[in-house]
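Enquirer: This is the structure I want to talk about, given as structure tokens.
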Amino acid sequence: TRTITAAVSKRNGANLCRMMSTAMPSVKPANPEFSSGPCKKRPGYDLTALDSRTFGRSHRSKIGKERLALAITETKRLLGVPDNYLVGIVPASDTGAYEMAMWNMLGARNIDCFHWESFGKGWFADAISHLKLRDTVEVNEYTADYGVLPDMTQSKPENDILFTFNGTTSGVRVPDGADFISDDRTGLTLCDATSACFAMNMPWEKLDVTTYSWQKVLGGEGAHGMLILSPRAVERLESYTPENRPLPKIFRMVKKGKVDTAIFKGSTINTPSMLAVEDYIDALQWTESVGGVSSLIQMSQDNLGVLEKFVEENEFIDFLAKDPATRSSTSVCLTLDLTADQIKKFVSLLESENVALDIGGYRDAPPSIRIWCGSTVEKADLEALTPWMKWAYEEAKK
């Protein structure tokens, strides 16, 4: 009798544990927006608080030029961009900014292209398929699977280097300092930093072309890109003209052999959205109000810490990034002990409960989830999310 009683008690206890483990949490994130782009607006964001003086005005008007120039000068100041670098607002988001640099500058030297996720792979494909650079120079491809970096030390100081600072679709970033880039290089570095600027320390002395977009770390609006050029990049523009390479108007940065400096003072190539400009200025003002870029970096690190603790405590989840030194603090990619279909169910469950929106892994990445941990996401929301992730995992397994 005692044996039967003990068995029943054990079975009931196991059932109780299962019931407790799958119980729906009671507290939801105050904001369920964890998209990796466009990203969540800053805490306390209020559309009606934007300066509306430029709405309905020409971007060529005095006030329009002033606000565009302010966006540029504040960007430069807050990011600590060297005085002799140029910063400009260009069309077509980070993609437009990076393509603009590629089409204007590449072909003068051999190229080392490093990629470990979809966007870097896209830059390589454009270099060989559309620019057809292998017809005139060497284009060396260094790649790695999602979750790890290629051997960056294979870069040659005499070559141009193409790379992403933070792989948004893999959650893998280059280590602090980007020491694989030689201080004595003669080639240029072209860095796609769209999910790194304002979230990671940028080693400007290593970067000749840096691009990013407003809709990532600062939670701004899409369609506009930022292009940051070192003096060495400017020298390339003024000394090298690719042969037989027509440039569309929105890519043209040089007039009569000199860089068009007006672009870097607020005279944009085409018409920007002044609403988006004011939204970006608002994000820059918020950055200043919370203590500057160093505070944004710490917020992102603290957010990552929430997920690191959760991963450490739960065996069913892990980081796609294998090395903690190359683990992104913004686009955090996670693998689950689930099938691809179960992961889709996991994502759907959290979305249907309005707990986490847009966290499915990138379409080209291994089956995974991706949670944005940039500074506009509040730590308390991530802390509220993690119990729901455990619940969704148990539900998805059924």
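The values are calculated or read from the model by the stated rules, or taken from the named source; none is laboratory data. Nothing here was measured: the structure is a model prediction, and the numbers come from that model. Virtual Cβ from ideal backbone geometry, glycine too; neighbours counted across all protein chains shown. Heads up: the accessible areas ignore ligands, DNA and RNA and are worked out on the full protein's heavy atoms, side chains in. Shrake-Rupley method; radii C 1.70, N 1.55, O 1.52, S 1.80 Å.
Enquirer: Out of (1) of a type in the set (S, T, N, Q); (2) closer than 20 Å to Leu218 by Cβ; (3) open to solvent by less than 10 Å² (accessible area, probe 1.4 Å), what's the single condition that is false for Thr194?
Expert: Every listed condition holds for Thr194 apart from (3).
Enquirer: Right, next: Six or more apart or on different chains, Cβ atoms under 9 Å: show the pairs whose first residue is in the range 57-79 and of a type in the set (Asp, Glu) and whose second is at pLDDT 95 or above.
Expert: What qualifies is Glu66/Thr54; Glu66/Gly266; Glu74/Ile281; Glu74/Leu284; Glu74/Gln285; Glu74/Thr287; Glu74/Glu288.
Enquirer: Taking the range 102-127 as the region of interest, how many residues are of a type in the set (Lys, Arg) and within 20 Å of the chain's Cα centre (by Cα)? Spell out the reasoning first.
Expert: Of all residues in the range 102-127, those of a type in the set (Lys, Arg) come to 109, 121.
From what's left, within 20 Å of the chain's Cα centre (by Cα): 121.
Qualifying residue count, the range 102-127: 1.
Enquirer: Separate question: State which residue pairs qualify: first residue under 20 Å from Thr95 (Cα atoms) and inside the range 220-248, second residue charged (D, E, K, R) in any location, beta carbons under 7 Å apart, and separation of 6 or more residues or different chains.
Expert: Gly220/Asp279; Glu221/Asp279; Gly225/Asp94; Ser230/Asp208; Ala233/Asp208
Enquirer: Please tell me if Arg232 is at pLDDT 95 or above, in contact with a Leu (Cβ under 7 Å, 6 or more places away or on another chain), surrounded by fewer than 22 Cβ atoms within 10 Å (Cβ to Cβ) and not aliphatic (A, V, I, L, M). Show your work before the answer.
Expert: Numbers: at pLDDT 95 or above: yes; in contact with a Leu (Cβ under 7 Å, 6 or more places away or on another chain): yes; surrounded by fewer than 22 Cβ atoms within 10 Å (Cβ to Cβ): yes; not aliphatic (A, V, I, L, M): yes.
Yes; evaluated as a whole, the condition is true for this residue.
Enquirer: Would you confirm whether any residue within the range 261-271 is in contact (Cβ under 8 Å) with a residue 60 or more places away in the chain, surrounded by 20 or more Cβ atoms within 10 Å (Cβ to Cβ) and assigned to a helix (DSSP H, G or I)?
Expert: The answer is yes, given that some residue of the range 261-271 is in contact (Cβ under 8 Å) with a residue 60 or more places away in the chain, surrounded by 20 or more Cβ atoms within 10 Å (Cβ to Cβ) and assigned to a helix (DSSP H, G or I).
Enquirer: Please report, ordered by residue number, the strands (runs of 3 or more DSSP E) entirely within the range 290-398 with at least 3 residues that are open to solvent by less than 70 Å² (accessible area, probe 1.4 Å). Lay out the reasoning, then the answer.
Expert: On the way: elements: 317-319, 331-336, 369-372.
Where strands (runs of 3 or more DSSP E) fall fully within the range 290-398 and carry at least 3 residues being open to solvent by less than 70 Å² (accessible area, probe 1.4 Å), they are 331-336, 369-372.
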